[in-house]
Amino acid sequence: MSSIAQKKGFGATIWDFMTTVDHKKIAILYLISGGFFFLVGGVEAMLIRIQLAKAGNDFLSAGLYNEIITMHGTTMIFLASMPILLAFMNAIMPLQIGARDVAFPFLNSLGFWLFFFGGIFLNLSWFMGGAPDAGWTNYASLALASEGHGIDFYTLGLTISGFGTLIAGINFLVTIINMRAPGMTYMRMPLFTWTTFVASALILLAFPPLTVGLFFMIFDRLFGANFFAVDMGGNTIIWEHLFWIFGHPEVYILILPAFGIFSEIFAIFSRKRLFGYTALVFATILIGFYGFMVWAHHMFTVGLGPTANAVFALATMIIAVPTGIKIFNWLLTIWGGNISFTVPMIYAVAFIPSFVAGGVTGVMQAIAPLDYQLHDSYFIVAHFHYVIVGGVVLAILAGTHLYWPKMFGTMLSEKLGKWTFWFFFIGFHLTFFIQHFLGLMGMPRRVYTFGADQGWDLFNAISSAGAVLMAIGVIIMLVNVVMTTIKNERVGNDPWGDGRTLEWAIPSPPPFYNFAQTPLVRGLDTYWIEKMEGNKKGMIFAEPLGDIHMPNGSIIPFVMSLGMFIASFGALYFLDGDKPWALAVLVIGMLILFGSMLLRSLKDDLGFHITKAELLEDAKGGKTDGH
Amino acid sequence: MDINQKYTPQSWPDHPETATLEGKNKFIGFWLLLAAETVTFASLFATYLALKDKGPSGMEYSAAGLFELPLVFAMTMILLTSSLTSVYAMYHMKNHNFKAMQAWLGITVILGATFLGLEIYEFNHYVHLGFGFTNSAFSSAFYVLVGTHGAHVLFGLSWFIALMIRNSKRGLNMYNAPKFYLASLYWHFIDVVWVFIFTVVYLMGVIG
Ligand code: HEM
Ligand SMILES: [Cu+2]
């Protein structure tokens with residue numbers, strides 16, 4: 001069972017990843033698939049910007065344009081941003097709390113495979129009759145009228161991947177509640193762990209309404225129900241409510257982990273304890289809490305009435321307060337710090353003004369009467385790209401640089417990283433800043449072209465030019481990844497030299513059991529404390545070296561997800577009439593799903609033990625730093 | 001945790017469901033899952049209330065004209081009783097009395113299956129009256145809300161049965177005690193949801 005540097009064949013490696021329940025490998029799976037979908041979404045974005053580069057362009061047809069914007073938004077939110085953040089949560093959070101794995105390793109794997117198959121299912125729509133075309137918000141009045149099966153790929157695909165995300169959320173919550181090392185009290189948890197915790201709670205409570213809405217849509221379109229069919233007494237506003245009750249918390253599910261990553265970065269590279277740790281924690285909790293009370297700010301123009309609009313406008317403005325608190329804490333963390341401008345730190349510093357700009361436009365939109373002017377214009381597009389790209393994507397790029405050595409044991413090139421940063425950052429502002437003005441000039445969102453007489457040519461051309469810069473930045477990043485992987489210069493436990501939390505106290509990448517001995521935590525920034533006191537081991541231990549219990553790998557999560565994937569095709573074609581096999585496919589898929597579930601439930605899975613002798617062996621050959 | 005360790009009622013812990021780390025994890029994870037289920041049913045109830053009695057013009061059935069209380073009341077009593085019998089089963093689980101636990105779980109399953117049978121009868125009856133799933137927004141909302149609950153009952157029954165058969169020969173241990181406990185927790189949750197369905201759908205429906 002000796003572990004670390006076994007050489008495996010290609011097939012064996014694939015099988016290993018298909019059956020793994022190790023949070024660090026699952027993190028790699030999330031990172032690779034999320035990264036892949038990020039590229040797919042990026043290509044879609046470039047197609048959009050090519051189409052809009054000049055007036056009256058006919059590069060894309062109107063219908064295809066609708067499919068591309070829908071898939072771009074859906075992919076970026078559900079299949080790129082979230083999974084990449086889940087990758088970091090998986091890779092880092094258990095290490096930060098001194099745990100050997102997450103609470104439910106089996107479910108962790110299931111969560112990944114559900115997301116993965118859901119994403120594949122959604123994207124297969126391109127090859128099977130056309131993609132969804134009702135926008136990522138999929139409003140029922142549009143969606144019910146959409147021909148073909150595009151919308152059904154959306155509803156079924158998101159249902160599958162949504163289950164995966166829900167499972168991941170529950171898993172992280174239990175892990176943080178139950179698996180913290182001795183001494184790791186809640187108020188000693190690193191901020192990335194805290195934001196993972198709150199984001200997971202949001203996942204837990206926000207995804208069920210989405211799932212319910214998706215099921216209504218599936219039933220309406222595929223099984224003849226009437227939830228949104230107005231002529232049959234249905235009501236399309238129900239979809240909007242369910243979608244946004246999910247949708248607004250969703251944007252916080254994305255941004256909170258991003259805040260967490262930046263909090264780590266500010267502390268590490270300012271070589272200072274986070275300023276106002278307690279305030280940051282409570283601001284995180286508050287944002288999570290308020291996040292559920294503002295959804296109708298997406299529906300100001302629906303006509304819910306002045307009272308509802310006023311209440312939701314106020315609630316929305318209040319959210320800006322805890323967000324502002326965070327900004328000041330970060331600034332004061334940098335203030336007087338001993339700063340080193342590594343790539344992650346550059347991203348973090350650039351994030352602050354970018355995100356603040358997005359927050360300011362958010363508060364503008366929260367003013368309900370003004371939003372009647374801004375709604376569904378390019379101003380909205382500018383706002384959410386400022387918060388999502390200027391916040392979430394910058395965090396993802398920063399986190400990739402920061403955690404790459406911990407995940408893969410080698411450092412991305414700082415030099416190429418800086419090139420990526422400058423292309424991406426300049427491109428980002430060039431693309432989106434000007435869209436505020438396009439919006440104010442009246443350009444509506446989600447239109448496939450515009451006339452030469454409308455005066456929007458120049459600004460759109462500038463916006464498209466910015467997109468090219470961003471694409472160049474991403475390509476340099478890919479080159480960076482490839483070159484780093486080929487060079488493969490191994491690094492030690494704490495490659496940045498200034499790590500503060502437990503993940504930097506163990507080898508990069510860590511052995512599969514993470515901690516040979518569970519650490520004893522003595523305070524916030526526990527690794528930093530030990531370093532300052534000259535503890536060469538980087539931690540003190542809560543237990544003597546002894547046998548470690550580990551879970552077994554399993555192929556069942558993969559098979560279960562495959563079952564749902566197959567069943568979805570059955571559901572998709574169920575009412576088509578000319579496809580009698582649809583019911584059979586639905587039933588077979590369900591049988592695979594429930595059969596493998598039953599197998600899992602009936603077969604004992606007790607895991608295995610790593611003995612003390614093996615651990616000692618590992619420690620000798622293993623100080624994995626060097627090879 | 002050693003699955004082969006034998007226990008006596010004396011050596012059996014007071015709270016076997018949370019005596020191991022795995023058990024504790026499952027316990028908390030399951031409560032969180034129930035939180036998600038609560039939000040799910042809340043969404044279904046809200047939709048049902050929004051669509052109650054809504055349909056195409058000239059729609060035949062509304063709640064007041066359709067629902068009758070006697071059958072539903074009997075179903076309610078049966079399901080409530082099954083919750084009680086599952087409590088007895090857990091009482092015996094905590095006392096390490098495997099046989100009695102199995103017996104009470106058996107009774108729980110019989111009651112649950114009776115409930116499900118009656119629900120199927122009820123749905124069938126409505127369909128024959130001409131109140132089908134696709135007739136109106138109201139009918140869709142009704143069948144999806146009550147049917148989702150029914151699907152939960154079916155899942156709970158299957159779970160009990162699978163656990164009972166799987167462990168029939170080997171009795172209670174630290175590995176399966178949390179599983180029995182969670183299945184019965186799930187069963188209580190289903191019961192509570194039904195109380196809301198009985199009130200919101202049927203009682204308030206008959207009143208009009
Ligand atoms: C200070 C905080 C924020 C405020 C006050 C705010 C406010 C708003 C408002 C009022 C709208 C609706 C505008 C309309 O459609 O007419 C909106 C849209 C949006 N916001 Fe924010 N927002 C904030 C932060 C964020 C963050 C952090 C994210 C994501 C990480 C985000 C993502 C979005 C998205 C995606 C939309 C557009 C959804 C769509 O219609 O497709 N916002 N925001
Ligand atoms: Cu919002």
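Data table
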quantity: In the range A:213-228, the residues that are surrounded by fewer than 24 Cβ atoms within 10 Å (Cβ to Cβ) and facing chain B (nearest Cβ under 7 Å); calculated: A:Phe219, A:Gly224
quantity: B:Ser139 of a type in the set (Ser, Thr, Tyr), open to solvent by less than 40 Å² (accessible area, probe 1.4 Å) and over 14 Å from the mean Cα position of the chain (by Cα); calculated: yes
quantity: Sole exception among (1) within 16 Å of ligand 2 (Cβ to nearest atom); (2) under 20 Å from A:Arg188 (Cα atoms); (3) of a type in the set (A, V, I, L, M) for A:Ile285, by number; calculated: (1)
quantity: Residue that is nearest to ligand 2 (Cβ to nearest atom) [pool: residues in the range A:97-154 that are within 30 Å of A:Ile555 (Cα to Cα) and in contact with a Leu (Cβ under 6 Å, 6 or more places away or on another chain)]; calculated: A:Gly119
quantity: Odd one out for A:Val381, checked against (1) out of contact with any Lys or Arg (no Cβ under 6 Å at 6 or more places or on another chain); (2) of a type outside the set (S, T, N, Q); (3) within 16 Å of ligand 1 (Cβ to nearest atom); calculated: (1)
quantity: Candidate set: the range A:235-276, residues that are surrounded by fewer than 22 Cβ atoms within 10 Å (Cβ to Cβ), more than 14 Å from chain B (Cβ to nearest Cβ) and not in a helix (DSSP H, G or I); chosen: the one nearest to ligand 1 (Cβ to nearest atom); calculated: A:Gly276
quantity: Check on A:Asp371, touching a strand residue (DSSP E or B) at 6+ places or on another chain (Cβ under 8 Å) and either in contact (Cβ under 8 Å) with a residue 24 or more places away in the chain or within 9 Å of ligand 1 (Cβ to nearest atom) (or both); calculated: no
quantity: Within the range A:298-312, tally of residues that are over 14 Å from A:Glu250 (Cα atoms), touching a helix residue (DSSP H, G or I) at 6+ places or on another chain (Cβ under 7 Å) and either within 12 Å of ligand 2 (Cβ to nearest atom) or of a type outside the set (A, V, I, L, M) (or both); calculated: 5
quantity: Selected residue (criterion: farthest from ligand 1 (Cβ to nearest atom)) from residues of the range A:208-234 that are of a type in the set (Phe, Trp, Tyr) and in a loop (DSSP other than H, G, I, E, B); calculated: A:Phe227
quantity: Complete set of residues in the range B:28-38 that are facing chain A (nearest Cβ under 8 Å) and either over 17 Å from B:Gly147 (Cα atoms) or open to solvent by 30 Å² or more (accessible area, probe 1.4 Å) (or both); calculated: B:Ile28, B:Gly29, B:Leu32, B:Leu33, B:Ala35, B:Ala36
quantity: Condition broken by A:Ser561, with the remaining ones in (1) small (Gly, Ala, Ser); (2) closer than 30 Å to B:Trp159 by Cα; (3) surrounded by fewer than 16 Cβ atoms within 10 Å (Cβ to Cβ) satisfied; calculated: (3)
quantity: Single unsatisfied condition, A:Lys272 versus (1) farther than 22 Å from A:Met364 by Cα; (2) at pLDDT 95 or above; calculated: (2)
quantity: Unmet criterion (only one of (1) more than 30 Å from A:Asp231 (Cα to Cα); (2) surrounded by fewer than 16 Cβ atoms within 10 Å (Cβ to Cβ)) for B:Gly65; calculated: (1)
quantity: Conditions (1) open to solvent by 20 Å² or more (accessible area, probe 1.4 Å); (2) within 12 Å of ligand 1 (Cβ to nearest atom); number of the one not met by A:Met299; calculated: (1)
quantity: Cβ-Cβ under 8 Å pairs, at least 6 apart or on other chains, the range B:160-171 side within 12 Å of chain A (Cβ to nearest Cβ), far side among the basic types (Lys, Arg); calculated: B:Leu163/B:Lys179
quantity: Top-ranked residue in the range B:11-27 [being crowded, with 18+ Cβ neighbours inside 10 Å and of a type outside the set (Phe, Trp, Tyr); ranked as nearest to the other protein chains (Cβ to nearest Cβ)]; calculated: B:Asn25
quantity: Selection from the range A:379-415 of residues that are within 14 Å of A:Phe433 (Cα to Cα) and either open to solvent by 10 Å² or more (accessible area, probe 1.4 Å) or hydrophobic (A, V, I, L, M, F, W, C) (or both); calculated: A:Phe379, A:Ile380, A:Val381, A:Ala382, A:His383, A:Phe384, A:His385, A:Val387, A:Ile388, A:Val389
quantity: Unmet requirement for A:Phe197, which otherwise passes all of (1) touching a residue at least 12 places away in the same chain (Cβ under 8 Å); (2) within 8 Å of chain B (Cβ to nearest Cβ); (3) in a helix (DSSP H, G or I); calculated: (2)
quantity: Residue in the range A:489-497 that is within 25 Å of the chain's Cα centre (by Cα), open to solvent by 50 Å² or more (accessible area, probe 1.4 Å) and basic (Lys, Arg) present; calculated: no
quantity: Residue that is farthest from the other protein chains (Cβ to nearest Cβ) [pool: residues in the range B:41-60 that are touching a residue at least 60 places away in the same chain (Cβ under 8 Å) and over 16 Å from A:Gly234 (Cβ atoms)]; calculated: B:Glu60
quantity: Unique match (being of a type outside the set (Phe, Trp, Tyr), open to solvent by 10 Å² or more (accessible area, probe 1.4 Å) and either more than 19 Å from B:Glu68 (Cα to Cα) or more than 9 Å from chain A (Cβ to nearest Cβ) (or both)) among B:Val127, B:Val153; calculated: B:Val127
quantity: Yes/no for A:Thr323 being under 19 Å from A:His383 (Cα atoms), open to solvent by 20 Å² or more (accessible area, probe 1.4 Å) and either in contact (Cβ under 8 Å) with a residue 24 or more places away in the chain or within 16 Å of ligand 2 (Cβ to nearest atom) (or both); calculated: yes
quantity: Set A:Ile339, A:Ile388: member being of a type outside the set (D, E, K, R), under 22 Å from the mean Cα position of the chain (by Cα) and either under 27 Å from A:Leu274 (Cα atoms) or within 9 Å of ligand 1 (Cβ to nearest atom) (or both); calculated: A:Ile388
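Quick grid of which residues meet (1) free of Cβ contacts under 8 Å to residues at least 60 places away in the same chain; (2) open to solvent by less than 10 Å² (accessible area, probe 1.4 Å); (3) within 14 Å of chain B (Cβ to nearest Cβ):
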residue: A:Leu124; (1), (2), (3): yes, no, no
residue: A:Asp133; (1), (2), (3): no, no, no
residue: A:Trp136; (1), (2), (3): no, no, no
residue: A:Ala145; (1), (2), (3): yes, no, no
residue: A:Leu156; (1), (2), (3): no, no, no
residue: A:Val174; (1), (2), (3): no, yes, yes
residue: A:Met179; (1), (2), (3): no, no, yes
residue: A:Leu202; (1), (2), (3): no, yes, yes
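The values are calculated or read from the model by the stated rules, or taken from the named source; none is laboratory data. Because the structure is a prediction, the values reported are computed rather than measured. Cβ coordinates were reconstructed from backbone atoms using ideal geometry, including for glycine residues, and neighbour counts include every protein chain displayed. To get the accessible areas, we keep the full protein, side chains included, count just its heavy atoms, and leave off ligands, DNA and RNA. Shrake-Rupley method; radii C 1.70, N 1.55, O 1.52, S 1.80 Å.
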